Amino acid sequence: MILTDISDFLRVLPPNRAIAGLDLGDKTIGVALSDLRRMVATPVEVIRREKFTLDAAKLLALLTERAVAGIILGLPLNMDGSEGPRVQSTRAFARNLEKLTPLPITFWDERLSTVAAERALLEADTSRKRRKEVIDQVAAGYILQGALDRFAHMREDEP
C-alpha cells in the first residue's frame with residue numbers, strides 16, 4: 001500500500017518495529033534501517049541492481065529478516081520541487097514493489113541527501129574507493145533520519 005501522506009504512513013505502522021529507508025540509484029539501492037523506537041537511522045547495506053525481480057527479492061528478504069514494518073523511498077525531486085524522470089522511476093519502483101509486499105510504502109524528499117552523505121564521508125576522511133562503496137547506504141540513512149525526525153515532531157504535536 002502506497003501512502004502519499006507521511007502521517008497516514010505513521011498511523012498504519014505497528015509499534016516497536018523498524019522501518020527501512022531506501023535510496024534508489026540506477027546501479028544500486030542503498031538501505032538504512034531504524035531502531036525499534038524509530039529514533040535513529042543506521043545505514044546497513046547496498047544492493048547492486050540487476051533487474052527488478054531480483055532486486056525486489058533481495059530487498060524483501062532483508063526486510064523480512066529484520067522484521068521491518070514499512071518502507072520509505074527517497075523521492076529525488078528537482079531543486080525547484082518539480083518532478084523529473086527519476087521521480088517517475090521511483091514511483092514506478094514503488095508501484096511494482098507494492099504488488100509484492102503488504103508493507104506500507106511512502107516517500108520522503110531526498111534533495112541533497114547524497115550531498116550530505118558525501119560531505120559526512122569526506123569529513124570522516126573516508127577514501128574515495130570506500131565512499132563509492134557506501135555512499136548510497138549513507139544517503140539512505142539521511143533519507144530515513146529525516147523522516148524519523150519528522151515523526152518525532154508529529155508525536156510532539158499530538159494532544
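The values are calculated or read from the model by the stated rules, or taken from the named source; none is laboratory data. What you are looking at is a predicted structure, and each value in this text was computed from that prediction instead of being measured. Backbone-built Cβ (ideal geometry, glycine too); neighbour counts: all protein chains shown.
Figures for the structure shown
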item	result
Scope the range 39-56; condition under 25 Å from MET154 (Cβ atoms) and not in a strand (DSSP E or B); matching residues	MET39, VAL40
Selection from the range 14-51 of residues that are under 12 Å from ILE71 (Cα atoms) and touching an Asp or Glu at 6+ places or on another chain (Cβ under 7 Å)	ALA18, ASP23, VAL31
Meets criteria (part of a helix (DSSP H, G or I) and over 19 Å from GLY146 (Cβ atoms)) for LEU103	no
Test: residue in the range 3-13 that is touching a Gly at 6+ places or on another chain (Cβ under 7 Å) and either in contact (Cβ under 8 Å) with a residue 24 or more places away in the chain or more than 14 Å from ILE71 (Cβ to Cβ) (or both)	yes
Subset of the range 40-67 that is among the small types (Gly, Ala, Ser) and surrounded by 17 or more Cβ atoms within 10 Å (Cβ to Cβ) - its residue that is farthest from ALA94 (Cα to Cα)	ALA41
All positions within the range 1-27 that are surrounded by fewer than 19 Cβ atoms within 10 Å (Cβ to Cβ), in contact with a helix residue (DSSP H, G or I) (Cβ under 7 Å, 6 or more places away or on another chain) and either over 25 Å from GLN88 (Cβ atoms) or polar (S, T, N, Q) (or both)	SER7
Answer from ALA117, ALA92, ALA140 - the residue that is buried (at least 17 other Cβ atoms within 10 Å of the Cβ) and at pLDDT 80 or above	ALA140
